[in-house]
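Data first, discussion second: the structure below is written as structure tokens.
The values are calculated or read from the model by the stated rules, or taken from the named source; none is laboratory data. Treat the numbers as computed from the prediction; the structure is a model and nothing was measured. We work out accessible area using only protein heavy atoms, side chains counted, and drop any ligands, DNA or RNA first. Shrake-Rupley method; radii C 1.70, N 1.55, O 1.52, S 1.80 Å.
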Amino acid sequence: MEYFGQDEMIAGRAAGERFTNEEAKNALCVVHEPGHVGLEARCEGLAEAFAGKTQKLEVDGVDRSTVKSAVAARLHEDFSIDRILTLGAPVALAALEAVAEANSYAKVATFDTDAGVVDAIKNGMIEWAIDQQPFLQGYLAVDSLWLYFTNKNVIGGGQSTLTGPSFVDETNINSVADLARAGTR
């Protein structure tokens, strides 16, 4: 009856709009699970909304060293890449290592947060993260069941209730850092 979550296409568009506003020219979208519909939609949304060039790189996200090597190789092939968008927090940290290895000026942004991404945002190494607020997704789902069973309420009127995209960056990192470390943000 209800969906609480993030529309991946909308979230990808938000990333593309942000890259455009940052005057980026060439973005690399790193897909860590090739064929995953949600991840593909994030890259598709990015390409749709970004005014610059978008490239897609498919990697094996299970192996961090493989991710780092693949991203570094692409950066060596194309020095004009100025933004890297990873689609998961652990991949972002591997991309940071690749940027350093390739001696690139590309800036890294990502989807999702974890303690490492929070620290990297605080230290100015990762520009921003799109947070779909998974704690909120679970909380709202359980709460909506309670409301339905006790009062027959249906949240969202049959439409999706979006919990993202929400940006975490230097402007709000201090207010969400402890929450992200605790796993609620």
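Could you state the number of Å between the C-alpha centres of segment 25-59 and segment 148-184? So the separation of the two Cα centres works out to 24 Å. In this view, the solvent-accessible surface of Met9, computed with a 1.4 Å probe and all protein chains in place, comes to about 40 Å².
By how many degrees, 0 to 90 and rounded to 10, does the Cα axis of helix 173-182 deviate from the longest principal axis of the chain? For 173-182 against the chain, the angle is about 70 degrees.
Distance from the C-alpha centroid of segment 2-24 to that of segment 68-92: 19 Å, rounded to the whole angstrom. Angle check, please: helix 134-151 long axis (alpha carbons) against the longest principal axis of the chain (alpha carbons), in degrees 0 to 90, nearest 10. Taking the Cα atoms of the chain, the angle to 134-151 is about 10 degrees.
Counting 0.36 nm for each residue step from Asp119 to Ser80 and taking away their Cα separation leaves a gain of 11.3 nm.
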